[in-house]
Amino acid sequence: MMDWFPTVFIVFKTLVLGTGMFFAIKWHYDQGRKGKGQEKRSAVLRTGVKVAAVFVLVLLALLFLTFRFGRMLGLDLTLP
């Protein structure tokens with residue numbers, strides 16, 4: 001009886017988030033075009049690279065801790 005709800009909800013959520021992301025990216029792009037020169041753009045690029053590097057490091061640490069915790073619990077986590 002309620003089998004349609006997840007389908008409708010996922011489609012609605014995708015449409016709303018997709019629309020929101022489109023307008024957020026468009027707004028930031030338009031603001032960047034108004035910006036003053038290359039210095040601001042390079043600073044944003046440098047900050048973006050730093051954030052991406054920190055994200056990858058945190059992701060790797062989380063992966064390592066997850067496998068370590070799994071082994072501590074006695075799980076077999078060998079890759080095939």
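Data overview
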| quantity | calculated |
| --- | --- |
| Options 73, 59, 77; residue that is in contact with a helix residue (DSSP H, G or I) (Cβ under 7 Å, 6 or more places away or on another chain) and without any contact (Cβ under 8 Å) to a residue 24 or more places away in the chain | 77 |
| Pair list, Cβ under 6 Å, 6 or more apart: the range 19-41 residue open to solvent by 100 Å² or more (accessible area, probe 1.4 Å), other residue at pLDDT below 90 | none |
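The values are calculated or read from the model by the stated rules, or taken from the named source; none is laboratory data. Keep in mind that this is a model prediction, so the values were computed, not measured. FYI the Cβ positions are ideal-geometry reconstructions off the backbone, even for glycines, and counts take in every protein chain you see. Surface accessibility is based on the protein's heavy atoms, side chains included, excluding ligands, DNA and RNA. Shrake-Rupley method; radii C 1.70, N 1.55, O 1.52, S 1.80 Å.
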